[in-house]
Each structure stands twice: as C-alpha cells, then as structure tokens.
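Q: Submitted below is the structure of interest, expressed as structure tokens.
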Amino acid sequence: MTPYRLRAAALALALGGLGLACDSEEAFPNLDELDQLRSLHTQARQPPKDGTNRVDGVARAERLGDLLFHDPKLSRCGTVSCQSCHGGDGRTVDTATAEGCGGQRTLRNPPTVLNVAYSRWFMWDGRADRLWSQAVLPLTNPVEMNSDATVVGARLAAAEYRGEYQALFGRFPEDEAGPTLLANVGKVLAAYERTLVRIDAPFDEDVKRFIAAAEAGTAEDDAAYLALKTFVRKGQCVVCHKGPSLSDDLFHNIGVEDSGSGAGGQWAALEPLLDWEFNAASAFSDAPAGTDAVRLKTLRTQANQQEMEGAFRTPSLRNVALTAPYMHTGAQATLEDVIDFYNEGGDPAGSFTGRRTDTIVKLDLSDEEKQALVALLKSMTGAAR
Ligand code: HEC
Ligand code: HEC
C-alpha cells in the first residue's frame, strides 16, 4: 500500500469505528478510483483479432458480409434481414422486442451490433461464444429468419455471391456441407460486423481531462466531477460497466423483472452452449483447441447456479443514447427510467428469477446526481469511424 492509501484506510477504519459513513468523506477520486477511471477511455485501443474466424479482417469478406447482412432473401419468408432488427443509428429497433418472419416477436430486446468486436460473449444470456457462430442463431431461429442451410445455400448461389464465396473458402457454396456453409456465412457476416466500430465519444475526452485535473489536485472544479463520482463511487456503475466498451463482459443478476421463458438467463443457456455443434471448441472454429476451447471447459467445471441463474450480460454503455428501450426485456423506455431502476435497487424481489447480486442496492440519489448520470450516459455516443 502506498502511504496515501494507508492513510485513507486508517481514516476509513477510524470513521467506521465511529459509525460514520466514510465514503462520502474521502476525496474523490482515491487511487483505486483513479485506476478505474483510467480503464475507461478508449484512446488507440483496437479490438483483438478473432483467431477462430479465418476471414476476420479480410476486406473481401467484409464486403460480402455487408451485402449478406442486408439481404432479406437469406430468410425463409424472404422479407427479414439482419438489418431489419439491427438498422438505424443505434443498429437495433426502437421497440421492446423485434418482428421476424410471419410477424412473430423475438423473446428479447435486440442489442446493438455496434462495437461487437470488443465482446467475448454474445446474446443477453451468452449462448454464443463467438460472433460468427452467433449469426447462425438468427438465421435458423423460427421467429427471426426461419432459414436453414438449403435456403441459405440457394441464395449464396446467386451470381453476386457465388464467386466471392469461392474466393474466400475455396469451394462453391453448392459443394459445401450444410453446417459448414452456415458457419462460413456466419464468419463472413462477423467480418462485416466487426467493422462497425463507433467508440471515440465526448465521454472519453471528459474522462481524460478529469484524470488530469485529479492528478493536479483540482478534481472538484471539473465539470465531470459529480457525474463521474456518482458513476464510480455512489452508483458503483464502474464495478460492471468498465474497460473500453464500458462492460466487464460478464453476467450479473441485477433484478430485471422477467417472467418469460428466457428468465433463467445464463444458467439456462449453459448446457445448450456446451453441447452446441457451432461452439468455439467445435470443428467449425479455425482455432478449435485455442483459448476459447479452454474457456468453455472452465465454464463447464466452474458453473455456479447461484451466480448464473437470472444473470444477463453487462451491455456496453457506448452509444446507449441511440438504443432505447433498455434491458434484456426492453422494459425501461428511457435512460431516466434506467437510473430510477438502479436508484430503487432494481425491480421488486420475486419479479425475476434467481438471486440479485449484492452490488445492486437502493442508491438514494439526489436529482442532481440522477441528471448527472443521464448526461454522462448521453456523452457516451461515439463518432462513426
Ligand atoms: C427478428 C429480429 C432479428 C433478426 C432478423 C436478427 N437479429 Fe440479431 N438479435 C435479435 C435479438 C432479439 C437479439 C438478442 C437475443 C437474445 O439475447 O436472446 C439479437 C442479438 C444479436 C447479436 C448479439 C449482440 C450482443 O451484444 O450480444 C448479434 C451480433 C446479432 N444479433 C447479429 C445478427 C445477425 C448477423 C443477423 C442476421 C443473420 C441478425 N442478428 C438477425 C434480433 C434479430
Ligand atoms: C452488478 C453489475 C452492474 C452494475 C453495478 C451496474 N450495471 Fe448497468 N447493467 C448490468 C447488467 C447485467 C445489465 C443488463 C441487465 C438485464 O437486462 O437483465 C445492465 C444494463 C444497464 C443499462 C441498459 C443498457 C441497454 O443497452 O439496455 C444501462 C443504461 C446501465 N446498465 C447503466 C448503469 C448505471 C448508470 C449504473 C450505476 C448506477 C449501472 N448500470 C450499474 C450490470 C450492472
């Protein structure tokens, strides 16, 4: 411990002994909080390469993926493309759930596909462990695109796709086995999606400036002081919303009301993922024995029902102002509603599955703190690159 931290700890002990709340007494940010703040801004951070996708970063695949993403003829009904549910500025829809083939509704709110290159898990419950395998799910989901390898294969035989596919994978689509074809189409779609990076935001400039002010001892005079203090200290938001994408890429039960068939969250998705023919340990991965396979093995041996039941993935907060409504259910209409949700310590016990994580408690935020948090979330909208 540095002398500074020792002193802070001693002070905290002394105040704790007197039964006083010490948090609000200590100057913000302390050294730990300064480190948390440093983790947030994104300057010069490229997303890691996806070693399980051999066409990742290949310009030809990115172009083909762009066309396929926008092509409704990949769906059995002929009217639903990836873009149908991941369009507009926020690359999502503005309703709680989205409409697929035959007017059917999705179970959950579509997350944005912006910045997916930074994620390690996909879907609210993490039932896909790679971006390319994720794409197989909407393609084949009966309420989304309701497709299969036959429909997809017939479409890939179109003049504008056939030669491109062959150039990338060495075979024509009609010569490919069905599952391989689906995996490869997923890889092409993923190559495109990984170009959808939209990060550098006013937020990053504010955090950088604030850190400099803190180092100079003038943190309290900075315009972002109240917002960042509430985000980091009183609201504990940074415990889960951290790193360049403002997500720990982990799963938490924060107590979002849900009595639907998907309320089990990560726990319910675990077995299907481990048994899935397209998971990252499968033969369709271009690095089947790599770190992803190890990750799955760890998940199998360390699965903890109490932690995983009703747990959903921490969404990135980047561009969050563009992606209303919020939460996996889409139940929160505005960012103000989300802040009220956290201020209440989540939805009432009994309205969701499993046990809420201890970090989520009633916050007792003032109106100024609530407004500062909403403004902070709005400042996270990035410029398109
Ligand atoms: C009918 C609407 C619909 C269509 C069509 C659709 N999606 Fe989605 N998408 C969703 C919903 C809903 C989710 C969240 C599902 C869940 O978590 O249970 C989602 C999740 C995702 C995710 C995960 C994002 C994250 O952060 O976890 C990606 C990536 C994605 N879709 C890409 C695609 C691609 C690629 C296609 C086309 C092959 C596609 N989607 C077609 C509705 C749709
Ligand atoms: C314990 C981890 C944790 C903490 C602490 C936390 N969040 Fe979250 N946040 C999540 C998870 C998990 C979700 C998705 C929950 C769901 O849909 O079931 C979420 C969802 C959100 C959303 C909705 C995003 C979207 O795209 O739907 C916003 C906005 C948000 N959090 C902001 C905050 C703010 C502001 C704070 C602090 C007051 C905070 N979070 C604290 C984990 C956390």
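Q: Rounded to the nearest 500, what is the chain's calculated 222 nm mean residue ellipticity when only DSSP H runs of at least 4 contribute -39500 (n - 2.57) each, over all residues? Spell out each step's value before the answer.
A: Numbers: 16 runs with 147 residues, N = 385.
Roughly -11000 deg cm²/dmol at 222 nm, from the helical runs in the chain.
Q: Can you pull the three principal axis extents for the Cα set of the range 59-193, in Å, largest first?
A: Per principal axis, max minus min of the Cα coordinates gives 40, 33, 26 Å.
Q: Follow-up question, since we're still on this one. Only helices at least 18 Å long along their axis, Cα-based, and averaging 0.5 or more on Kyte-Doolittle count here, so list those DSSP H runs from the chain. Can you show the working numbers first?
A: Values: long enough: 3-17 (21 Å, 0.77); 178-193 (22 Å, 0.62); 202-215 (20 Å, -0.31).
TM-like helix candidates: 3-17, 178-193.
Q: Using a simple charge model, +1 on the beta-carbon of Lys and Arg, -1 on the beta-carbon of Asp and Glu, nothing else, what dipole does the range 59-193 show about its Cα centre, in debye to the nearest 20? If you can, show how the numbers build up before the last one.
A: On the way: 14 positive and 16 negative charges, 33 e Å.
Using only the charged Cβ atoms, the result is roughly 160 debye.
Q: Same structure, new question: Mind listing the phi-derived Karplus ³J(HN,Hα) values for the range 353-360, rounded to whole Hz, using 6.51, -1.76 and 1.60 with θ = phi - 60°, and x for any glycine or proline?
A: 7, x, 10, 5, 5, 5, 5, 8
Q: Please report S147, S351, S84 as a ranked list, fewest other C-beta atoms within 10 angstrom at the top and most at the bottom. Numbers along the way, then the final one.
A: Numbers: S147 24, S351 13, S84 20.
Neighbour counts put them in this order, fewest first: S351, S84, S147.
Q: Can you work out D for the range 207-294 in µm² s⁻¹ from Stokes-Einstein, where Rh is the Kirkwood radius over C-alpha pairs, the temperature is 4 °C and the viscosity is 1.567 mPa s? Intermediate results must be reported in sequence, preceding the final value.
A: Details: Rh = 17.0 Å.
Rounded, D is 76 µm²/s.
Q: From the residues T301, G100, A281, which one has its Cα farthest along the dipole of the chain in the positive direction, the dipole being from +1 and -1 charges on Cβ of Lys/Arg and Asp/Glu about the Cα centre?
A: A281
Q: Straight-line reach from K208: which lysines fall under 29 Å, measuring Cα to Cα and dropping same-chain residues less than 8 apart?
A: K208 reaches K49, K229, K234, K242, K370, K378.
Q: Let me ask something else. Along the range 93-101, what does the Karplus equation 6.51 cos²θ - 1.76 cosθ + 1.60 (θ = phi - 60°) give for ³J(HN,Hα), rounded to whole Hz, x for Gly and Pro?
A: Values, residue by residue: 10, 9, 10, 4, 10, 10, 9, x, 3 Hz.
Q: P(r) for the chain: what percent of alpha-carbon pairs falls in each 10 Å bin, starting at zero?
A: Percent of Cα pairs in each bin: 5, 21, 30, 24, 13, 5, 2, 0.
Q: Can you put R38, R318 in order of Cβ neighbours within 10 angstrom, beginning with the fewest? Kindly include the intermediate steps, with their values, before the conclusion.
A: Working: R38 12, R318 28.
Going from least to most buried by this count: R38, R318.
Q: Hey, got the dipole for the chain? About the Cα centre, +1 on K and R Cβ, -1 on D and E Cβ, debye to the nearest 20?
A: Numbers: 39 positive and 53 negative charges, 208 e Å.
Charge dipole of the chain: 1000 debye, to the nearest 20.
Values quoted throughout were computed directly from the atomic coordinates according to the rules given, and no laboratory measurement underlies them. Since this is a predicted model, take the numbers as computed values, not measurements. All Cβ positions, glycine included, derive from the backbone under ideal geometry; neighbour counts span all protein chains shown.
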